[in-house]
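Enquirer: I am attaching a structure below and will ask some questions about it afterwards.
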Amino acid sequence: MISAKYLKIPWGVILAFSVSTVYADEQNIPALWMSELFFDRCVPSLLDEQTINGNGLDPLPRDTALSIGATTGRAWMPFDAHVSLSDLNTYEGNFYGCQVQWHSLAAEGRGDTINYGQVIDAFNTWADAEVSQGRLAAIKQCGDRNEKYLRVVESRTERSQPVRFVLSYDSKIDFIFLMAGETDLVGEAEAC
């Protein structure tokens, strides 16, 4: 259920909820968690210029969080999937962000896998809708979604700093992450 707080956000959350509902039939727990953590926790918090929180998730020890890229030392993971939500900040403290990442090595021992196509489709559906409404701008889309794929879009809404949203995937190393981070300049489309 979407909280009243998120309904104040001018874009994205209702669509993200719809995307996660559409993919609920597929029941790939890691992919569902990636969508929930990114679209329901990372994106709305960042756009509201708030810090993310891990309420209801297991907090990771600070050293573990730092080792997976949580530059603030704050990261969380659901108990039933090897997917983490990390808090990010630049060294100068000027730019804030969050990242959702699949941890394939940790999942390997349990035989867990992630449905990459489900994650890519959810991100692309959301990004395409937001670009068509003028709330995001397409920055970069490279590669083959079945092998190695990168997509970057950037906010075009009123906010103190623009936000870039990134999907990065590489099938050869069993890797996928979603990231949202503030940036100091408004970007234009980039070549691959």
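The values are calculated or read from the model by the stated rules, or taken from the named source; none is laboratory data. Not measured: the values here are computed from a predicted model. Counting neighbours? That spans all protein chains shown, and the Cβs are built from the backbone with ideal geometry, glycine included. Note: accessible area is taken over every heavy atom of the protein model, side chains too, but ligands, DNA and RNA are not part of it. Shrake-Rupley method; radii C 1.70, N 1.55, O 1.52, S 1.80 Å.
Enquirer: Under 8 Å between Cβ atoms, which residue pairs at least 6 apart in sequence (or on different chains) link something in the stretch 62-87 that is farther than 14 Å from Ile52 by Cβ and small (Gly, Ala, Ser) with a partner that is part of a loop (DSSP other than H, G, I, E, B) and open to solvent by 10 Å² or more (accessible area, probe 1.4 Å)?
Expert: Ala81/Asp112
Enquirer: Scanning for something surrounded by 13 or more Cβ atoms within 10 Å (Cβ to Cβ), touching a Leu at 6+ places or on another chain (Cβ under 7 Å), at pLDDT 90 or above and on the phi > 0 side of the Ramachandran plot, does the stretch 54-68 turn up at least one residue?
Expert: No, the stretch 54-68 has no match at all.
Enquirer: Pairs under 7 Å by beta carbon, first residue under 14 Å from Leu85 (Cβ atoms) and open to solvent by 10 Å² or more (accessible area, probe 1.4 Å) in the stretch 40-53, partner acidic (Asp, Glu) and not in a loop (DSSP other than H, G, I, E, B), six or more apart or different chains?
Expert: What qualifies is Thr51/Asp87.
Enquirer: Of everything in the stretch 107-129 that's charged (D, E, K, R) and at pLDDT below 95, which residue is farthest from Ser171 (Cα to Cα)? If you could, list the steps in order and put the result at the bottom.
Expert: So the first thing to find is which residues in the stretch 107-129 are charged (D, E, K, R), and the list is 108, 110, 112, 121, 128.
Adding the requirement that they be at pLDDT below 95 leaves 108, 110, 112.
Details: Glu108: 14, Arg110: 19, Asp112: 15 Å.
Ranking the candidates gives Arg110 first.
Enquirer: Name the single residue that is surrounded by the most Cβ atoms within 10 Å (Cβ to Cβ) among those in the stretch 71-82 being out of contact with any helix residue (DSSP H, G or I) (no Cβ under 6 Å at 6 or more places or on another chain) and closer than 11 Å to Val100 by Cβ.
Expert: That would be Met77.
Enquirer: Say we look at the stretch 152-171 and pick out the residues that are touching a strand residue (DSSP E or B) at 6+ places or on another chain (Cβ under 7 Å) and charged (D, E, K, R); which of these is modelled with the lowest pLDDT?
Expert: Across the stretch 152-171, the extreme among qualifying residues is Arg156.
Enquirer: Looking at (1) modelled with pLDDT of 90 or more; (2) within 17 Å of Ile176 (Cα to Cα), which is the one condition that is false for Ser104?
Expert: Here Ser104 clears every test but (1).
Enquirer: Can you tell me how many residues within the stretch 172-192 are surrounded by 11 or more Cβ atoms within 10 Å (Cβ to Cβ), of a type outside the set (A, V, I, L, M, F, W, C) and either in contact with a Leu (Cβ under 7 Å, 6 or more places away or on another chain) or in a loop (DSSP other than H, G, I, E, B) (or both)?
Expert: 5
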